[in-house]
Amino acid sequence: MLKYLVKRILWMIPMLIGISLISFFIMHLAPGDITSNEAAFNPKASEESRQKLREMYNLDKPVIVQYALWLKRMAALDFGNSFASHQKPVFWGKIDNDGNLTKGMIQEALPITLLINVLGLLITLSLAIPLGIIAARKHTEWQDTSITLFNFIGFSIPGFWLSLILMYWLGVVNNWLPISGIHSLDYESLSTFGKVKDTLSHLIMPVIIPSVTGLAGITLFIKNGMLDVLQQDYITTARAKGLNESRVVYTHALRNALLPLITIVGLSIPGLIGGSVIAETIFAIPGMGKLFYDAVLMRDFPVVMGVLTIGAALTLIGNLIADIAYAWADPRVRRGVARS
């Protein structure tokens, strides 16, 4: 097992480099750069000033040289500074000459995105597993039909449309929940309990979005897995021995039906960033999704590459975690990993 883990971790390094290389070149195929934005916002910007700006950011060098310089910094976990006027570090905070700490942009945004999506994933699993079990046990009955109808509705609802509907109904019409940001304007003056309540009220709608959109797929996945397992011979044998139906379902069938779900959860880790773009942009939440969206519009290459690299690393880590969890849960896989 240890040999397998070392091989997988070492293999992640060239994979990450390859993904970053492709992302870097595709990004540079897009027309324009940071100097285009400077010219758009300042019509008096001369070609000479724009050229100096390109030299400052090494944009005058060949793309392969730019990538080599970026890769050298990335090896030290230094993604450089943003092209924006604030010049914040992209990944991790730095201490300036005056001793002041400037937090990195990803350092500030990543915890917010992880919090929203992890909460959404926990809610999704807590609802999808029992709904999938009910649909499998009551197959072709009205419970199964109702859950299937719910699945079709969940599949067909676009995330951005649901975000706007919730914002209008819960925030504008009824004024029950705040519609933007992660904190209120008077957040600093609130008590500890007030700060927690204020943050939770801002998180409710952004958490609902990934929960609803992901619930339908995982529920259907659990249902199909349970239906397949319930038809296996060992389930028939367990029932023939007179075991209680609940014990047959929850002790023998559920564990094997949930094994493929490990892969789904592991592969959902990179979606924590990609799936946040719409919700965070609509609700103006300063997370990774909104950070990536704003960076693309501004042609802020260091930030875009930082977010893409973090996403690629999460994808590879998610695959590794899924394989380890699968081997831990299934002795057959564990024996195969040990032999490798």
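The values are calculated or read from the model by the stated rules, or taken from the named source; none is laboratory data. Note that the structure is predicted; figures quoted are calculated from it, not measured. Using ideal geometry, Cβ is built from the backbone for each residue, glycine included, and neighbour counts are taken over all protein chains shown. Side chains included, ligands, DNA and RNA excluded: accessible areas come from the protein's heavy atoms. Shrake-Rupley method; radii C 1.70, N 1.55, O 1.52, S 1.80 Å.
Note on surface exposure: L297, L29 rank L29, L297 by accessible area, highest first, 1.4 Å probe.
Stretching the chain fully between D60 and L149 yields a gain of 26.4 nm (0.36 nm per residue, less the alpha carbon separation).
One decimal place: the segment M15-L320 gains 108.5 nm when fully extended, by the rule 0.36 nm per residue minus the C-alpha distance.
Could you sort H252, H86 by their accessible area in this structure, using a 1.4 Å probe and putting the largest first?
On the way: H252 65, H86 95 Å².
Descending order: H86, H252.
You can think of it this way: the chain between K138 and T237 has 33.6 nm of extra reach, that is 0.36 nm per residue less the Cα-Cα gap.
Per residue, how much accessible area does the chain have with a 1.4 Å probe, in Å²? Each step should come with its number before you reach the end.
Values: 19250 Å² over 340 residues.
Ligands and nucleic acids excluded, the result is 57 Å² per residue.
With the simple model of a label 7 Å out from the Cα in the direction of the Cβ, I204 to S85 spans 3.7 nm. Normalised by residue count, the chain yields a Cα convex hull volume of 208 Å³ per residue. The accessible area of S189, taken with all protein chains in place and a 1.4 Å probe, comes to roughly 90 Å². If R₀ is 25 angstrom, what is the calculated FRET efficiency for the pair A30 and A68, using the beta carbon separation as r and rounding to 0.05? The calculated FRET efficiency here is 0.80.
When the surface is traced with a 1.4 Å probe over the full set of protein chains, Y293 keeps roughly 90 Å² accessible. Which FRET efficiency value, to the nearest 0.05, do you get for K197 and Y168 by plugging their Cβ-Cβ distance into 1/(1 + (r/R0)^6) with R0 = 22 Å? E(calc), rounded to 0.05, equals 0.45. Between L77 and D228, the simple spin-label model (points 7 angstrom out along Cα→Cβ) gives 3.9 nm. Among L114, L59, the order of accessible area from largest down is L114, L59, computed with a 1.4 Å probe on protein heavy atoms.
Contact order for the stretch 91-185, expressed relative to its length and based on alpha carbon pairs under 8 Å spaced 6+ residues apart, stands at 11 percent. Projecting label points 7 angstrom from Cα along Cα→Cβ for I157 and E48 puts them 6.0 nm apart. Against the main long axis of the alpha-carbon atoms of the chain, helix 288-298 sits at an angle near 40°. Cα to Cα, under 29 Å, and not fewer than 8 places away if on the same chain: which lysines meet these conditions relative to K223? Correct list for K223: K138, K241.
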